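First comes the structure, then the notes that go with it.
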Amino acid sequence: MPLTYKEVAEIIKIIDASNLDELVIEMDGAKMHIRRKAAGAPAAALPASFSSSSEVSASKPVEPPAAEAPPGARSSKAATPAADLGGNAAVRSPMVGVFYRAPSPKDPPFVEVGSKVKRGDPLCLIEVMKLFTTIAADRDGRIAQILPANGDLVEFDQVLFVVEPK
């Protein structure tokens, strides 16, 4: 029985929070090898049998980060001090991965600053071990800020978007 997406994501969270540098899991003829590239950044090879796609709604009232990363920065921290958003909500990353604003380099971004969104509208993709997860809006509103740049590494619980309520 192949691992589910949730099981793979949980394994990655455990590895990310641990001191392990490498983990190999073999189950029913499938093999998953996870190795840290650098401090806190796991890299992994995953066979096609684990490949899947899923959709996640990841929005809750939160605070924006104190400072935005410069455009083109390849890594961002998830530090987000408490602040009053005046009723705005932040969409946070449900996982560590690479942030993409569009479904492919040839396509336009899912949303821009000022775009109106409805619950369930796709906002971005996050790639983890060749698995692409669509992050969807969990409320109606307008995109007030897009914090990471396309291609940035994002961390678990990092603010991706600030959404003004409709």
Rank-order 99-112, 146-159, 14-27 by packing density, defined as the average count of other C-beta atoms within 10 Å over each peptide's residues, highest first. 146-159, 99-112, 14-27
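Beyond 28 Å between alpha-carbons counts as too far, so tell me which of LYS13/LYS118; LYS13/LYS116; LYS106/LYS130; LYS13/LYS106 fall in that bin.
Numbers: LYS13/LYS118 30 Å; LYS13/LYS116 32 Å; LYS106/LYS130 19 Å; LYS13/LYS106 32 Å.
Table pairs above 28 Å Cα-Cα are LYS13/LYS118; LYS13/LYS116; LYS13/LYS106.
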Just subtract the alpha-carbon distance of LYS116 and ASP28 from 0.36 nm times their residue separation and send over the number in nm, one decimal. 27.1 nm
Given backbone amide H placed at 1.01 Å from N, residues whose amide H is under 5 Å from that of ALA149, ignoring those fewer than 5 places away on the same chain, are GLY72
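Since every read-out is calculated from the coordinates, none of them should be taken as a lab result. Quantities reported herein were computed from a predicted structural model and do not represent experimental measurements. Every residue, glycine as well, gets a Cβ built from its backbone with ideal geometry; the counts of neighbours run over all protein chains shown.
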